[in-house]
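Engineer: Take this structure, written in structure tokens, and hold onto it; I'll ask about it next.
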Amino acid sequence: MNSVERMRATYEFRPVDHLFRKEFYVWNEAIERWKTEGLPADYQKTNLFNYDPGHSISAGANLGWCEPPFVPAYEAKVIEVQGDHEIIQDVAGRWLKVFKGRRHGFMPDYLRHPVSNEKDWERGVAPRLDPRSPARWANLDASCAKAADAARRNGTLVTQGLIGGYMYLRALMGPEDLLYAFHDQPRLIHEMMKRWLLLMDTALEKTQERVELDELSMAEDICYNHGLLISPAMVREFLLPYYRELIHQARQRQRRRLYLTVDTDGHAPAAIPLYLELGMDIMWPFEVASGCDVVEIGRRYPRLIIMGGIDKRVLAAGKEAIDAHLNHVIPAMLRRGGYVPMCDHGVPDNVSLESYLYYRRRICEMDQA
């Protein structure tokens with residue numbers, strides 16, 4: 001099997017020669033550490049970690065991911081220096097307090113978000129989400145043509161990512177202020193979601209005129225360590241109607257099956273039934289520290305395609321801990337099917353090169369039918 005065949009078989013719960021081999025991602029700080037521990041300069045060229053070759057290509061529409069797809073983006077700049085910290089503005093218009101010269105590996109303090117009321121929304125933010133802006137579509141022809149060519153030549157899966165509604169609202173208002181706004185400013189929330197739907201639907205229509213999609217992948221992050229960050233009733237009132245419209249329209253536009261992927265951190269089981277109502281096919285990354293056990297989730301939802309569920313903390317705990325964890329996950333999920341093992345988030349820099357190589361070797365020894 002090649003990579004494309006292996007992933008398509010995974011999506012269809014058909015037998016595979018081995019579980020698809022990939023990683024969520026590896027921190028840059030981990031790579032820098034591993035270089036001091038002997039990581040060869042050509043580790044990617046030699047495929048030291050034994051990942052499968054790429055199976056997909058993005059259609060390339062700018063629909064955001066962790067941040068809204070602003071055109072133009074806000075200027076990223078330093079607002080103020082405070083000793084060992086800086087106040088910065090990021091491309092999403094948020095003010096953050098961060099360590100001086102460092103932007104990754106910690107949770108910053110979010111001091112300000114671009115929307116607090118209807119005036120902020122209408123004057124400063126909504127114009128940056130205007131689907132009529134020609135600049136937004138400047139590269140779409142070229143990216144879709146490249147994706148269509150790859151699909152035609154190699155059967156490569158064509159994917160399109162987008163920021164989910166909760167992630168979008170949270171980026172605009174901040175997690176705490178958003179909770180108040182659901183109660184105090186519901187009209188504003190709906191206005192922002194109407195713009196989300198208009199932009200996403202316009203973009204998908206333009207994209208699907210140029211290339212047929214295989215996967216629509218939504219960045220949501222709607223869970224924390226004990227479950228949903230908002231109630232199921234709020235999800236149904238403020239998110240699901242817009243999601244249903246978008247997904248229905250996208251699936252109506254093409255002959256090929258369009259898989260829906262949802263990415264959420266935290267304790268995901270509470271979210272699964274809600275997103276299955278939308279026709280979700282795939283979920284990831286199932287953080288073990290938040291109580292996610294992909295073996296149990298796989299039993300409860302036998303047709304859900306699962307990616308992730310490998311505890312990143314275990315990789316720093318030594319070979320016995322790695323073996324015990326993999327012995328729990330891999331044999332059961334190999335029998336079940338529809339599973340891609342990955343770390344439950346980025347591989348951090350407390351994992352040694354020796355431990356990561358051991359983990360990758362054990363995965364490859366265990367994942368074959």
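Only the coordinates and a few stated rules stand behind these numbers; no lab work does. Since we're looking at a predicted model, the values are computed, not measured. Every residue, glycine as well, gets a Cβ built from its backbone with ideal geometry; the counts of neighbours run over all protein chains shown.
Engineer: Semi-axes, largest first, in whole Å: what does sqrt of 5 times each Cα gyration tensor eigenvalue give for the chain?
Structural biologist: 33, 26, 21
Engineer: If you take the square roots of the eigenvalues of the alpha-carbon gyration tensor of the range 140-210 and sort them as a ≥ b ≥ c, do you get rounded (a/c under 1.5), prolate (a/b over b/c) or oblate?
Structural biologist: prolate
Engineer: Let me ask another. Which order do the peptides 8-16, 130-138, 236-244 come out in when sorted by mean C-beta neighbours inside 10 angstrom, highest first?
Structural biologist: Highest-to-lowest ranking by the protection proxy: 236-244, 8-16, 130-138.
Engineer: Another question, then. Which FRET efficiency, nearest 0.05, do S133 and C66 yield, Cβ-Cβ r, R0 30 Å?
Structural biologist: 0.90
Engineer: Looking at the range 1-94, I'd like the Rg to Rh ratio, where Rg is from alpha-carbon atoms and Rh is Kirkwood's inverse mean 1/r.
Structural biologist: Taking Rg over the Kirkwood Rh, I get 1.12.
Engineer: Place a +1 charge on the Cβ of each Lys and Arg in the chain and a -1 charge on the Cβ of each Asp and Glu, then give the dipole magnitude about the Cα centre in debye, rounded to the nearest 20.
Structural biologist: 960 debye
Engineer: Can you flag which of K119/K194; K35/K312; K35/K319; K97/K194; K77/K97; K77/K100 are past 24 Å Cα-Cα?
Structural biologist: Table pairs above 24 Å Cα-Cα are K97/K194.
Engineer: In the chain, if the dipole is taken from +1 on Lys/Arg beta carbons and -1 on Asp/Glu beta carbons about the Cα centre, which of V314, I79, A151 is farthest to the positive end?
Structural biologist: Farthest towards the positive pole: A151.
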